[in-house]
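What follows is a set of notes on a single structure, which appears directly below.
The values are calculated or read from the model by the stated rules, or taken from the named source; none is laboratory data. All values derive from a computational prediction rather than experimental measurement. All Cβ positions, glycine included, derive from the backbone under ideal geometry; neighbour counts span all protein chains shown.
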Number of protein chains: 2
Amino acid sequence: MTDDVIDGVIDGVIARWHRYLGGELPGGLDDLLADDVVFYSPVVYTPQRGKPVTKQYLEAASQTLAGGAGGTFRYTKQVLAGNTAVLEFETSLEGRYVNGVDVIRCDADGRIVEFRVMLRPLQGIQAVHEQMGRRLAAGG
Amino acid sequence: MTDDVIDGVIDGVIARWHRYLGGELPGGLDDLLADDVVFYSPVVYTPQRGKPVTKQYLEAASQTLAGGAGGTFRYTKQVLAGNTAVLEFETSLEGRYVNGVDVIRCDADGRIVEFRVMLRPLQGIQAVHEQMGRRLAAGG
């Protein structure tokens, strides 16, 4: 596993990410994340290292941001180059607008080694923070 | 001015953006921004429309994030594709770590039509929010 850029690897990773979100990826996140993946939260400074904790955050985040039945989550931009993808999205949570980016970096084997989330505006971040906190507390 | 993707236009825009930040772009932001550019703040929901207000925000933001003499601002990722660029950066403000992205979209003429900023973590956003507020109040 190296940081060498191999053309097209990130495209395959993002295709698999969308399949994961659609519930259609056999193996799920276990197959998509590198063992030493690092998750960078939109709220907390400290990087979350390793597959188990990253999986926990991504599962909670995708459930939170999807907004349940009738959720308005949609990706609005997809920028892929080298070993990195930036996916911009919009959703709403308890009536509050949330706009964000997933910054995803992969290795040459097509595993995600870095997953970084940023959100705007401030009220949207606070809505996500509250719901994520409840969900992680309930799940863990 | 259209949204058609013309290969390489965004590369030129980002090269000029870096020259602007270095104080080396003749014409400055006036030359770089489309008249109908929209700025999306990391803090506030309401889009800021038009060149004058976008210029005011970008000038305040670049001064705030540069952190003055001895500033630690640096770009850490650059992802360019189609008519869009995402630049990730790190800096610190009053001892608080700030990580962010500039999402920049241009038209076929090489003018910026959309500038979107997102920040993490929460403490970093709050530091930027406070300093930007003081700077914008002082400036106008």
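Overview of values
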quantity: Residue in segment B:15-34 that is of a type in the set (S, T, Y) and either more than 24 Å from A:S41 (Cα to Cα) or within 13 Å of the chain's Cα centre (by Cα) (or both) present; calculated: yes
quantity: Answer residue from segment B:75-115, given it is among the small types (G, A, S) and more than 24 Å from B:R135 (Cβ to Cβ) and is nearest to the chain's Cα centre (by Cα) among those; calculated: B:A85
quantity: Count of segment B:69-114 residues which are hydrophobic (A, V, I, L, M, F, W, C), closer than 24 Å to A:Q78 by Cβ and surrounded by fewer than 15 Cβ atoms within 10 Å (Cβ to Cβ); calculated: 1
quantity: Matching residues in segment A:67-86 - criterion: being of a type in the set (A, V, I, L, M, F, W, C), in contact with a helix residue (DSSP H, G or I) (Cβ under 7 Å, 6 or more places away or on another chain) and closer than 15 Å to A:I14 by Cα; calculated: A:L80, A:A85
quantity: Flag if B:T64 is closer than 15 Å to B:V13 by Cβ, more than 14 Å from chain A (Cβ to nearest Cβ) and buried (at least 21 other Cβ atoms within 10 Å of the Cβ); calculated: no
quantity: Failed condition for A:T84, given (1) within 19 Å of A:V38 (Cα to Cα); (2) more than 8 Å from every other protein chain (Cβ to nearest Cβ); (3) among the hydroxyl-bearing types (S, T, Y); calculated: (2)
quantity: Residue list for segment A:39-56, filter: within 13 Å of A:E114 (Cα to Cα) and more than 13 Å from every other protein chain (Cβ to nearest Cβ); calculated: A:R49, A:G50, A:K51, A:V53, A:T54, A:K55
quantity: Any pair with Cβ under 7 angstrom, 6 or more apart, that starts in segment A:40-64 at a residue that is closer than 24 Å to B:P42 by Cβ and ends at one that is assigned to a loop (DSSP other than H, G, I, E, B) and among the hydroxyl-bearing types (S, T, Y); calculated: A:Q48/A:S41; A:Y57/A:S41
quantity: Members of segment B:98-112 that are within 13 Å of chain A (Cβ to nearest Cβ) and out of contact with any helix residue (DSSP H, G or I) (no Cβ under 6 Å at 6 or more places or on another chain); calculated: B:N99, B:G100, B:V101, B:D102, B:V103, B:I104, B:R105
quantity: Qualifying residue in segment B:19-38 (condition: over 19 Å from B:G100 (Cβ atoms), within 14 Å of chain A (Cβ to nearest Cβ), surrounded by fewer than 14 Cβ atoms within 10 Å (Cβ to Cβ) and at pLDDT 95 or above); calculated: no
quantity: Residue in segment A:70-77 that is over 19 Å from A:L32 (Cβ atoms), within 11 Å of chain B (Cβ to nearest Cβ), free of Cβ contacts under 8 Å to residues at least 40 places away in the same chain and among the charged types (D, E, K, R) present; calculated: yes
quantity: Among residues of segment B:6-18, those that are surrounded by fewer than 14 Cβ atoms within 10 Å (Cβ to Cβ), at pLDDT below 90 and not acidic (D, E), counted; calculated: 1
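The rows are residues; the columns are (1) closer than 24 Å to A:D36 by Cβ; (2) free of Cβ contacts under 8 Å to residues at least 24 places away in the same chain; (3) more than 13 Å from every other protein chain (Cβ to nearest Cβ).
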{"site": "A:R116", "(1), (2), (3)": "yes, no, no"}
{"site": "A:L122", "(1), (2), (3)": "no, yes, no"}
{"site": "A:A127", "(1), (2), (3)": "no, no, no"}
{"site": "A:R135", "(1), (2), (3)": "no, no, yes"}
